[in-house]
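The values are calculated or read from the model by the stated rules, or taken from the named source; none is laboratory data. Source: prediction; values computed, not measured. Counting neighbours? That spans all protein chains shown, and the Cβs are built from the backbone with ideal geometry, glycine included.
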Amino acid sequence: MELASTYNSVETEDKWYKYWMDQNLFHSEPDEREPYTVVIPPPNVTGVLHMGHMLNNTIQDILVRRARMMGKNACWVPGTDHASIATEAKVVNRLKTQGIDKADLTRDEFLGHAWDWTEEHGGIILEQLKKLGASCDWDRTCFTLDKERSESVIDTFVKLHEKGLIYRGVRMVNWDPDALTAVSDEEVVYKEVKSKLYYLNYNIEGEEGTVTIATTRPETILGDTAVCINPNDERFTHLKGKRVIVPLVNRSIPIIEDDYVDMEFGTGCLKITPAHDINDYEMGMRHNLESIDILNDDGTLSEKAQLFVGKDRFVVREEIIPELQKAGNVLKIEDYDNKVGCSERTGAVIEPKLSTQWFLKMTEMAKVALDAVMTDEVQFHPAKFKNVYRHWMENVKDWCISRQLYWGHRIPVYYLENGEFVVAKNDEEAVRLAKEKRGNDALTIADLRQEEDVLDTWASSWLWPISVFDGFNPEKNEIDYYYPTSDLVTGHDIIFFWVARMIMAGYEFKGTFPFKNVYFTGMVRDDQGRKMSKQLGNSPDPLDLIAKYGADGVRVGMLLCSPAGGDLLFDDSLTEQGRNFANKIWNAFRLVKGWEVDSSLPQPDSATKGIEWFSHKLNQTIEVVNDHFSKYRISDALMSVYTLFRDDFSSWYLEIVKPGYQQPIDEVTLKATIDNFDKILRLLHPFMPFISEEIWQLLEPRKEGESIMVAQMPEVTKVDEKLLANFELTKEAVAGVRNIRKQKNIANKEVIALSILDNDGSLDKTFIPILSKLANASEVNFVTEKVSGALSFMVKATEYYIPLGDLVDAEEEIKKLEEELKYQKGFLISVSKKLSNERFVNNAPEKVVAIEKQKQADAEAKIKAIEESIANLK
RNA sequence: GGGCGAUUAGCUCAGUUGGUUCAGAGCACUUGGUUUACACCCAAGGGGUCGGGGGUUCGACUCCCUCAUCGCCCA
């Protein structure tokens, strides 16, 4: 079979993904094995794959594939969430381009359009994940708005309400005037903007003189109901108990006193607008102030404002200044940088607004969820996020769960005509409860009015680890097998949105944690550390990357730059490195595959020893990889396998066992080599699923249905550290010979003779066949005296000589030796100094002192040998 | 303003309870290479006062204090 010298990822990857699907290898059913469960952080149903998903899902797939190969029953549940506000915004926009206004549609008509959108876009992102190699159990694909998940949401709402944890109240909420809905605190992003600070004079009532306030939002003066000073501010003692006049509307408002006012900021006088600022609202409550809501839901001014009615708040901000100037109220205007809250979804400037919403009490649930993490019942990786989590949990506020949208789970609250309400999971139940409540058996559903609002999307996402197994359905018991899940992989930016709330839901509804480990990924940025965004155009299209470098290459590239939790600076060169590595593996395979076997050949000693060494090296690496995985150091684990393949296997092992050009190989060595290759491929499979499968299938005849993805992960047998250390010395000796060849321009194919002076008898002679082969030595002999007329080098106390007669330059050799001598002497001094320090010898552990003594002895021996060599050359 | 974290090679980062000459890895860089698997490669090499200062200790990248700079979260 002719194999191309460059690996072709495109053909390979589609072929094997299809094979895995056809063989149903991703599917999991409960059985007697230990489960390993991961739920996907559901991507937004309208979204497309971006680099963050690539990273996230690469890591999940690595964990899942590895668990599967370690004999666990791995189940990775995929799905999407309905992203109520984002999707609704997209649907509204599309309707707009079709000339349809949302306001003209009934709820059901609108939902029809929203489902159409979902049908069109919903599957895209999951199909893209397949290109990456994601080994999700696609039979289990869920959607937060499908039947089972919806029932879960409604069911839990009813339960939480029964427990008294859900309440309805008037609160200051974050209002998105574009989406016309409340959003949670976590959905507000603060942006730095250049704005102005306006200094405005208010006339004091009944006397000459003015009070100056400073504000960034002059239009809100129309809703002012007080001016506040700090009671300790001596500048304003004369104002106590007086009243001022709001400009333009000429409303008389009181001057109040409150410690909240920062005497340093602005003028020290603060205007209070309880309806439009959270702090003012609280102050309004304390001082019994009137609340004047001057804004309509869409951000225009309402009748209550009296002026500029119907105009947008930003327009008014511009227009009110000339009016104020005309009235003589503007003192000055300064440039000012401040942070403005914007909607994460629509980008609109958020208005704090009083409105009636549904809330979920957080205090009790947060306490349980906090303890779970602080005691490591749920482990965070990296652990530094525990602090962030604690801070949020200790300051948690009740969760505003209602949204004024159509696309989502409609709140199961039914109002009666008298304003009372019942909470029920369906219409029948609602009617039954209403009858009970009112003592009126004639009530029908027509007498009830269901709440118009829907629930926050996270009210379904937080149930995800339970709801994907239909865990609220008492007739289903799969949950008992799969829950709690094992690992959650997610971005650290949604630690509050999602992770915290899933932990709360886990304890609340299942009595235990939803997952054992949380692996937080960083944010993917470009090579200059900028966030990837559409505007900057600095985000590569993941599918293009896969086409160009292969999914394996991209996976490796993602990992090479991804310390846990830290931001990662993505650069194409990393995926290129991944692709190059795949090519390297491919070519190693080409080499092995190209060998002709001759069963009559005996195995060379070098191969026997090489195979023995490599088995220990492999075991050692497996140990290291296991350790890395146990600490969720995924990129370190990859780097260990990468180094094993590139350095140990390719550069050393294959060179040791490789037969001469166009010569056959013996059977035993070939078998062992294929075996070793097989093991490395299995170690590699979680990281590079496609190429590992491709080569694994070609390496030996496989039966239909066999796959590396369900092969057993190699296990550690024994590691002989001494043997490994001796091989390292052999490597040094080989490098010594290569250096001399290079210095003297002796080609590798030219044989040399090698003499060894084993000064202290420490040399492991079993490695000599390897040294002989890799040094291309015609003979290796042992001597008891220094060899003159030869080039030499030392490895520990062992001296190596290459007799080269006229090529030897005594001057140069002496210089080289003297440099080494200088270093050794310096080293000896530092060690001796340490050992002559009584406090060190008395206080340091015995082991440490022994090591230092050994170093001293080694250095002394080496110095002696070097000095003799120098004398010999002179 | 409150809190958290960081600062180690040109870049991105390791460095696990203080202890081998322990200052490391990958990339980048320099030099050399038509070695018959691979130039998507191989070999060799340069490069850091571990942010500054102080302290604890026989011993500090590691622990403590302080200063500086940066980042993130929250208000």
Can residue A:64 be described as aliphatic (A, V, I, L, M), in contact with a helix residue (DSSP H, G or I) (Cβ under 9 Å, 6 or more places away or on another chain) and crowded, with 20+ Cβ neighbours inside 10 Å? no
Residue pairs, Cβ under 9 Å, 6 or more apart or interchain, first in the range A:588-614 and free of Cβ contacts under 8 Å to residues at least 12 places away in the same chain, second surrounded by 16 or more Cβ atoms within 10 Å (Cβ to Cβ) and not in a helix (DSSP H, G or I). List them. A:600/A:666
Output the residues belonging to the range A:300-314 that are of a type in the set (Phe, Trp, Tyr) and in contact (Cβ under 8 Å) with a residue 40 or more places away in the chain. A:308
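When you scan the range A:261-298, how many residues do you find that are assigned to a loop (DSSP other than H, G, I, E, B), β-branched (Val, Ile, Thr) and within 43 Å of the chain's Cα centre (by Cα)? Step through it out loud before you land on a result.
Let us first name the residues in the range A:261-298 that are assigned to a loop (DSSP other than H, G, I, E, B), namely A:261-268, A:273-277, A:288-294, A:296-298.
With β-branched (Val, Ile, Thr) added as a condition, the list becomes A:261, A:267, A:273, A:292, A:294.
Narrowing further to those that are within 43 Å of the chain's Cα centre (by Cα): A:261, A:273.
Result for the range A:261-298: 2.
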Taking residue A:733 and the conditions (1) more than 22 Å from residue A:810 (Cα to Cα); (2) over 39 Å from the mean Cα position of the chain (by Cα), which numbered condition does it fall short on, given that it satisfies the others? (1)
Identify, from the list A:847, A:855, A:862, the residue that is within 14 Å of RNA strand B (Cβ to nearest atom), in the same structural domain as residue A:816 (by TED's automatic domain parsing) and within 17 Å of residue A:816 (Cβ to Cβ). A:862
Unique residue being away from RNA strand B (no atom under 16 Å from the Cβ), in contact with a strand residue (DSSP E or B) (Cβ under 6 Å, 6 or more places away or on another chain) and not aliphatic (A, V, I, L, M) when the list is A:356, A:375: A:356
Say whether the condition of being among the hydrophobic types (A, V, I, L, M, F, W, C), within 16 Å of RNA strand B (Cβ to nearest atom), outside the structural domain of residue A:213 (by TED's automatic domain parsing) and over 30 Å from residue A:76 (Cβ atoms) is met by at least one residue in the range A:161-173. yes
Quick one: how many residues across the range A:94-144 are of a type in the set (Asp, Glu) and surrounded by 15 or more Cβ atoms within 10 Å (Cβ to Cβ)? 1
Restricting the range A:517-532 to residues that are touching a Leu at 6+ places or on another chain (Cβ under 9 Å) and away from RNA strand B (no atom under 12 Å from the Cβ), the one farthest from residue A:375 (Cα to Cα) turns out to be A:521
Looking at the range A:178-188, can you tell me whether even one residue there is surrounded by 16 or more Cβ atoms within 10 Å (Cβ to Cβ), of a type in the set (Ser, Thr, Tyr) and modelled with pLDDT of 80 or more? yes
Report, by residue number, each residue of the range A:571-603 that is in contact with a helix residue (DSSP H, G or I) (Cβ under 7 Å, 6 or more places away or on another chain), more than 10 Å from RNA strand B (Cβ to nearest atom) and not in a strand (DSSP E or B). A:575, A:599, A:603
Please verify whether the range A:747-754 includes one or more residues that are of a type in the set (Lys, Arg), in a helix (DSSP H, G or I) and over 17 Å from residue A:866 (Cα atoms). no
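Listed here are the residues, each with its yes/no results for (1) closer than 30 Å to residue A:517 by Cα; (2) within 15 Å of RNA strand B (Cβ to nearest atom); (3) among the β-branched types (Val, Ile, Thr).
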{"residue": "A:340", "(1), (2), (3)": "no, yes, yes"}
{"residue": "A:361", "(1), (2), (3)": "yes, no, no"}
{"residue": "A:370", "(1), (2), (3)": "yes, yes, no"}
{"residue": "A:386", "(1), (2), (3)": "yes, yes, no"}
{"residue": "A:394", "(1), (2), (3)": "yes, yes, no"}
Restricting attention to the range A:835-859, the residues that are under 25 Å from residue A:759 (Cβ atoms) and out of contact with any Leu (no Cβ under 8 Å at 6 or more places or on another chain) number exactly 7
Please work out which one of (1) at pLDDT below 95; (2) more than 24 Å from residue A:111 (Cα to Cα) is the condition residue A:456 fails and give its number. (2)
Close pairs (9 angstrom Cβ cut-off, 6 or more residues apart or separate chains): at positive phi in the range A:540-551, surrounded by fewer than 19 Cβ atoms within 10 Å (Cβ to Cβ) anywhere: A:550/A:8; A:550/A:10
Listed by range, strands (runs of 3 or more DSSP E) wholly within the range A:145-225 having at least 1 residues that are more than 30 Å from residue A:240 (Cα to Cα) are A:166-176, A:181-183, A:188-204
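What are the residues in the range A:604-620 that are of a type in the set (S, T, N, Q) and within 16 Å of RNA strand B (Cβ to nearest atom), if any?
Across the range A:604-620, the qualifying residues are A:606, A:620.
Return the residues of the range A:432-443 that are crowded, with 20+ Cβ neighbours inside 10 Å and either within 45 Å of the chain's Cα centre (by Cα) or assigned to a loop (DSSP other than H, G, I, E, B) (or both); say none if nothing qualifies. Working first, answer last.
The initial filter retains those residues of the range A:432-443 that are crowded, with 20+ Cβ neighbours inside 10 Å, namely A:434, A:443.
Matches in the range A:432-443: A:443 only.
Would you say residue A:71 is in contact (Cβ under 8 Å) with a residue 12 or more places away in the chain, closer than 30 Å to residue A:405 by Cβ and not in a helix (DSSP H, G or I)?
So residue A:71 fails the test.
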Here the residues within the range A:399-414 that are within 16 Å of RNA strand B (Cβ to nearest atom) and either free of Cβ contacts under 8 Å to residues at least 60 places away in the same chain or of a type in the set (Phe, Trp, Tyr) (or both) are A:399
Take the range A:804-835 and flag every residue that is over 51 Å from the mean Cα position of the chain (by Cα), in a helix (DSSP H, G or I) and either within 11 Å of RNA strand B (Cβ to nearest atom) or free of Cβ contacts under 8 Å to residues at least 60 places away in the same chain (or both). A:805, A:806, A:811, A:812, A:815, A:817, A:818
